[in-house]
Ligand SMILES: *Cc1c(COP(=O)(O)O)cnc(C)c1O
């Protein structure tokens, strides 16, 4: 059976490897160099002119980063990718390559904290208006789209609202208006769900989370399906890129226009660490997701727990959409739950012994946080509530430890709260 026929769980380890170029090393080497040397002026000129492939300078491209780009692109079923210094850098690169002052974006309102601030505070300042709509309310999306809408943006699983929109329906809506759908697939990973198969056009990730899996490096990626055609009337800026690169026009524009000039590049060590983590993505996700279901069920039966937010529970308003979209494979591994009061949440966090209390998710370790008093502290009370954050909410990133130990830890911490 040929390489191109390998299943996901095999490709995640062996896909897009080039050991023959690496002195037979089995791990991609860390090309820790700012620059690459050339013998002749002719050669460097050809690489700059794009007539010849080659590496020039780390902010432009790096061989270690390129291995991660090819691997992630393969796993998502995309055409090509650009890795970035963080998930936020990926979102910035992905959207600035499409929008200019006067344009509009329609986005689900269930957003990662920094994405929300980027849209509301930064993009608006530069004349790009972001309209936020209820992620799972298709009619609200349809009502918000105008002729000026240059893209639709959504998270596969909203954090921390735990809502799951239908990517296929949003892709149809976007395409009916000649606009691309950009999906932040961080919480699902391509193991659980591949947005391109549902019609999305561009995928972004914070690789910091499940793709890395060990909390060892911050990073991001923009992946292009190569399918959106960027009609000229609506996207005049794409003309040159289309002439030069055909269906790679978008990723070339991301790279050439934004990535290089904003300096959003990834350190090669971080790509190396993410590649090591990626080897076990399939195994980790399987355990993350089966643990999450068991923890959600435990919490939903616990007398001290008022409510649980997890798309895997039949009580979730997103359960039916999530079950169909993820084909029963799982529901991710992030969940939220409510206690009596903010005080009870603080007590719970002080009393957990196994779980780490920190601001991150997708680590193989179980993590807990009280978003209201931490990540969202600078938000107005109104926008915290609009983001699904309430004072009684604890967020859990369920790890891959023995699930009995996670449950016992939570049980003793709840008793003490
Ligand atoms: C963490 C996260 C980001 C931002 O990624 P960084 O690597 O922290 O910059 C974006 N989207 C989602 C859904 C995230 O969880």
Jot down the radius of gyration and Dmax of region 282-416, Cα atoms only, both in angstrom.
14.3, 40
For 364, 345, what's the fewest-to-most ordering of other Cβ within 10 Å of each Cβ?
364, 345
Rounded to the nearest 10 degrees, what's the angle between the helix 403-415 long axis and the longest principal axis of the chain, both from Cα atoms, 0 to 90?
50
Largest-first principal axis extents of the Cα set of the chain (Å):
73, 52, 42
Listing 146, 264, 26, 186 from the residue with the fewest other Cβ atoms within 10 Å to the one with the most, what is the order?
26, 146, 264, 186
When a footprinting reagent is the concern and you count Cβ atoms within 10 Å, what order do 301, 71 take, fewest first?
301, 71
In degrees between 0 and 90, to the nearest 10, how far off the longest principal axis of the chain does helix 87-96 point, with axes built from Cα atoms?
50
Beta bridges by DSSP in the chain, antiparallel share as percent, to the nearest 5
55
With Cα coordinates, the longest principal axis of the chain makes an angle with the long axis of helix 342-351, in degrees rounded to 10, of 80
At what distance in angstrom do the alpha carbon centres of region 231-284 and region 358-417 lie from each other?
32
For region 331-396, what is the convex hull volume of the alpha-carbon atoms per residue, in Å³?
89
Based on the Cβ-Cβ distance from residue 300 to residue 169, what FRET efficiency comes out when R0 is 22 Å, to the nearest 0.05?
0.20
Everything considered on the Cα gyration tensor (a ≥ b ≥ c; rounded for a/c under 1.5, else prolate if a/b is larger than b/c, else oblate), region 113-188 must be described as oblate
Extension length gain for residue 177 and residue 197 (0.36 nm per residue less Cα distance), in nm, is 5.2 nm
Quick calc, residue 18 & residue 320: beta-carbon distance into FRET formula, R0 60 Å, rounding 0.05, result 0.90
May I ask for the distance between the Cα centers of region 98-141 and region 19-80, given as a whole number of Å?
34
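Bear in mind that the values in this text are calculations on the coordinates, not laboratory data. Just so we're clear, the structure is a prediction, and the values are computed from it rather than from any experiment. When we count neighbours, we look across all protein chains shown, and the Cβ atoms used for this are built from the backbone with ideal geometry, even at glycine.
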